[in-house]
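Each remark here refers to the structure printed beneath this line.
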Amino acid sequence: MDTHSADVVVIGAGQAGLSAGYHLRRTGFPPGSGFVILDGDDGPGGAWQHRWPTLVFDRVHGFHDLPGMPLPPAEPKRPAAEQVSAYFAAYERAFELPVRRPVRVRAVRSRPDGRLDVETDQDRWVARALINATGTWTRPFWPHYPGRSSFRGRQLHTADYRGPVEFAGLRVVVVGGGTSAVQLLGEVSTVAAATTWVTRRPPEFRDEEFGAELGRAAVARVDEAVRAGRPPGSVVGVTGLPVTPEVRRLRERGVLDRLPVFDRITPDGVAWADGRNVSADVILWCTGFRAAIDHLAPLGLRAPGGGITMDGTRVVADERVHLVGYGPSASTIGANRAGRAAVNEIRALLAPAPALD
C-alpha cells in the first residue's frame with residue numbers, strides 16, 4: 001500500500017468538504033503536499049447526487065452557494081441531484097481542487113510522531129491535520145421495533161427512495177416527522193392504494209417565515225449539545241416544518257392526518273397496544289441519518305454523553321481534528337462557514353498566520 005503525505009487531509013467532497021478545500025487553496029495550501037480531498041463517491045455531488053429524481057430544485061429545503069462561485073441560475077423543475085452535482089463538478093474544476101475518488105477511508109489513527117495516519121481502501125495518507133466532512137447520507141437510521149424482521153412486505157429508507165411509481169396500488173406506512181417524510185408522503189399518496197403517516201411526536205408545523213432569528217436559535221440548540229459531548233441531532237429537526245402550498249394541499253386531502261407511532265410490526269402491517277392495526281405492503285422509514293464518523297473510532301474522540309465534544313469545528317479531545325457539516329454546521333450555509341472556520345484554526349495550529357478577513 002503506497003503512503004503519501006499532506007499537511008491537511010479532507011475527507012468528503014460535499015458542500016462542507018469543497019468549502020474547506022476552497023479556503024485551504026485560497027490561503028496558500030498547495031494541492032497535493034498542502035492538502036488533498038478524499039471522496040468515497042464515484043462522481044461529484046456529495047449526498048446530493050443520491051437524492052431521489054423527483055426532488056426537483058424548487059422543492060429543495062434550502063440551498064446556499066459555495067464560496068467564491070454562485071450556483072448558475074436554477075432550473076426549478078430539473079432534478080436537484082443533476083443540477084447540484086453539475087455545480088459541484090464545475091466548482092472542483094474552477095478552483096482546481098485535488099479531489100481523489102472513489103477513495104473510501106477505513107480508519108484514522110494517531111501516529112507516534114504526532115501526525116495522523118489515514119488508511120483508505122487504496123493507499124495511506126499521513127497528515128498533520130484532518131478535516132472530516134463525511135456528512136450523514138451513508139448512515140441511514142433504522143429504529144428498532146418489535147416484529148420488524150417478521151414483516152412480509154418491503155421496507156426501505158429515504159436513502160433508498162427513487163420515486164413514487166413503485167408504490168402504485170400499495171398500502172404504505174410512512175414513518176417520520178421531518179421534511180423528507182412529508183415530501184415522500186405527498187408523492188406516494190398520489191399513486192398508493194392507501195397511506196398512513198406515523199410520527200413519534202406530533203409534527204410541529206411552522207406558519208411564520210423562517211428568518212434569521214429562528215435559524216440562530218435552532219443552531220444554538222445543536223451547538224449546545226455538541227459542546228456538552230452529546231449527539232448533535234439535526235438543525236432542521238429543531239426548526240419545525242414549513243407550511244408550504246404543498247403542505248396545505250396535503251392537509252386538504254387528509255394525507256397529513258397523523259397517527260402516533262405504532263408499538264410493534266406484524267407480518268402484515270403495524271399494530272398499537274390499544275388494539276388498532278393497519279395493514280401494509282410497504283414501510284417507508286423516513287427516520288433520518290446519523291453522522292458517518294465510524295472511521296474516526298480509533299482516535300477515541302467520543303465523550304461519555306455519546307457524542308464528540310466540540311468547540312466550534314474543533315474536536316476538544318484532539319486539536320488536529322475538525323468536523324465540518326456536523327452538528328450546528330449540518331446545513332449548506334453552516335457547512336460553508338464551518339469550512340472557513342476550520343481552515344483558520346488549522347492555519348493557526350500548523351503555521352501561525354493572520355486569520356481570514
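First check a/c for the range 267-320, with a ≥ b ≥ c the square roots of the eigenvalues of its C-alpha gyration tensor; if it is under 1.5, answer rounded, and if not, answer prolate when a/b is larger than b/c or oblate otherwise.
Details: a/c = 4.15, a/b = 3.26, b/c = 1.27.
Prolate, because a/c is 1.5 or more and a/b exceeds b/c.
Report the full-extension gain for the segment A94 to S5: residue separation times 0.36 nm, less the Cα-Cα distance, to one decimal in nm. Walk me through the numbers on the way to the answer.
Values: separation 89, 0.36 × 89 = 32.04 nm, distance 2.43 nm.
The span from A94 to S5 would gain 29.6 nm if fully extended.
Assuming a ≥ b ≥ c are the square roots of the Cα gyration tensor eigenvalues, decide whether the range 1-146 counts as rounded (a/c under 1.5), prolate (otherwise, with a/b larger than b/c) or oblate. Intermediate values should be presented prior to the final figure.
Numbers: a/c = 2.47, a/b = 1.40, b/c = 1.76.
Cα axes put the range 1-146 in the oblate bin.
Pull up all non-local amide H partners of G240: gap of 5 or more, or a different chain, and H-to-H distance under 5 Å with H placed in the peptide plane.
It is none; the list stays empty.
I'd like the Kirkwood hydrodynamic radius of the chain, using the inverse of the mean 1/r over distinct C-alpha pairs, in Å. Please report the intermediate quantities before stating the final value.
On the way: mean 1/r = 0.0462 Å⁻¹.
So the Kirkwood estimate lands at 21.7 Å.
Note the angle between two axes, namely the Cα long axis of helix 332-350 and the longest principal axis of the Cα atoms of the chain, as a number of degrees from 0 to 90, rounded to the nearest 10.
Orientation of helix 332-350: about 30 degrees from the principal axis.
Gain in length, R106 to T244, computed as 0.36 nm per residue apart minus the alpha-carbon separation, to one decimal in nm?
Numbers: separation 138, 0.36 × 138 = 49.68 nm, distance 4.14 nm.
45.5 nm is the gain from fully extending R106 to T244.
When the chain is modelled as a GNM with alpha-carbon springs shorter than 10 Å, which of N277, N132, N344 fluctuates the most?
Residue with maximal mean-square fluctuation among N277, N132, N344: N277.
Below 8 Å, C-alpha to C-alpha, sequence gap of six or more: please give me the relative contact order for the range 1-158 in percent. Write down the numbers at each step before the final one.
Details: 264 pairs, mean separation 51.6, N = 158.
Dividing the mean separation by the residue count of the range 1-158 yields 33 percent.
Where in the chain lies the longest segment free of chymotrypsin sites (Phe, Trp or Tyr not before Pro) that are both loop residues by DSSP (not H, G, I, E, B) and have at most 15 other Cβ atoms within 10 Å?
Segment 1-140 is the longest.
Could you let me know the centre-to-centre spacing of the range 98-133 and the range 144-203, using Cα atoms, in angstrom?
Rounded to whole Å, the Cα centres lie 38 Å apart.
Looking only at the chain, where both bridge partners belong to it, what percent of the DSSP beta bridges are antiparallel (to the nearest 5)? Write out the running numbers ahead of the final one.
Values: 23 of 58 bridges.
Taking every DSSP beta bridge with both residues in the chain, the antiparallel ones total about 40 percent.
Can you tell me the relative contact order of the chain? Whole percent, Cα pairs under 8 Å, sequence separation 6 or more.
22 percent
Convert each backbone phi in the range 254-265 into a coupling constant with the Karplus relation 6.51 cos²θ - 1.76 cosθ + 1.60 (shift: θ = phi - 60°), then list the ³J(HN,Hα) values in order as whole Hz, x for Gly and Pro.
3J(HN,Hα) across the range 254-265, in whole Hz: x, 5, 9, 7, 7, 10, x, 4, 5, 9, 7, 10.
Quick note: the coordinates plus some simple rules give every number you see, no bench work behind them. Note that the structure is a prediction, hence the values are computed from the model and not measured. Cβ sites come from the backbone with ideal geometry, for glycine too, and all protein chains shown count toward neighbours.
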